[in-house]
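Contents: one structure, followed by commentary.
The values are calculated or read from the model by the stated rules, or taken from the named source; none is laboratory data. Values in this document were obtained by computation on a predicted structure and should not be read as measured data. Neighbour counts run over all protein chains shown; Cβ positions are idealised from the backbone, glycine included.
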Amino acid sequence: MKPTVASGITLASVFALIVFSGLALSRLGNAQTDERVVKITAHKFAYEPSQIELKLGEPVVLELTSKDVLHGFNIPDLGLRTDVEPGETARVRLVPQKAGTFEFHCDNFCGLDHEDMSATIIVK
Ligand SMILES: [Cu+2]
């Protein structure tokens, strides 16, 4: 009887460990292995790359970093936005649902040519 109980507990612990480490990983918000990651760098007063091509229905994680000051990332057409702070990686997960060209722009004032800071996402 005892060995059975003991191994039952061990299995339960191992199971719990797997479940909780899985939760911890998803909490970090890191890209899953099946998701495409697109890195975008923001700096005064542009994004690199300035044109990003995505596939309709393909899950993607946009990883945004800033080379200088606080910028923003805003795609009004898709209802997505995030701050892009220097020294941090902002992640935006999306699954493109419609084809077309979508402009995104900086929505945190970052200097003289802030108004011109934009780029495009093309969904095919
Ligand atoms: Cu900016």
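Okay, here's what the table says:
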read-out	value
Options Thr33, Thr65; residue that is at pLDDT 95 or above and either closer than 13 Å to Ala90 by Cα or under 16 Å from the mean Cα position of the chain (by Cα) (or both)	Thr65
Residues of region 83-109 classified as crowded, with 16+ Cβ neighbours inside 10 Å and more than 16 Å from Gln51 (Cα to Cα), total	7
Extreme residue, farthest from Gly79 (Cα to Cα), among residues of region 113-124 that are assigned to a loop (DSSP other than H, G, I, E, B) and within 11 Å of the ligand (Cβ to nearest atom)	Asp113
Among (1) in contact with an Asp or Glu (Cβ under 8 Å, 6 or more places away or on another chain); (2) of a type in the set (D, E, K, R); (3) free of Cβ contacts under 8 Å to residues at least 12 places away in the same chain, the one test that Glu48 misses	(1)
Subset of region 75-103 (residues that are within 16 Å of the ligand (Cβ to nearest atom) and touching a Phe, Trp or Tyr at 6+ places or on another chain (Cβ under 6 Å))	Ile75, Thr82, Val84
Test: residue in region 82-105 that is more than 17 Å from Lys124 (Cα to Cα), without any contact (Cβ under 8 Å) to a residue 24 or more places away in the chain, under 12 Å from the mean Cα position of the chain (by Cα) and not in a loop (DSSP other than H, G, I, E, B)	yes
Residues of region 57-69 satisfying the condition of being touching a residue at least 40 places away in the same chain (Cβ under 8 Å) and closer than 15 Å to Val37 by Cα	Gly57
Residues satisfying the stated conditions in region 34-60, i.e. basic (Lys, Arg) and within 16 Å of the ligand (Cβ to nearest atom)	Lys44
Qualifying residue in region 50-58 (condition: closer than 21 Å to Phe109 by Cα and either surrounded by fewer than 18 Cβ atoms within 10 Å (Cβ to Cβ) or modelled with pLDDT of 95 or more (or both))	yes
Meets criteria (under 13 Å from Ala46 (Cα atoms) and either out of contact with any strand residue (DSSP E or B) (no Cβ under 7 Å at 6 or more places or on another chain) or more than 15 Å from the ligand (Cβ to nearest atom) (or both)) for Glu63	no
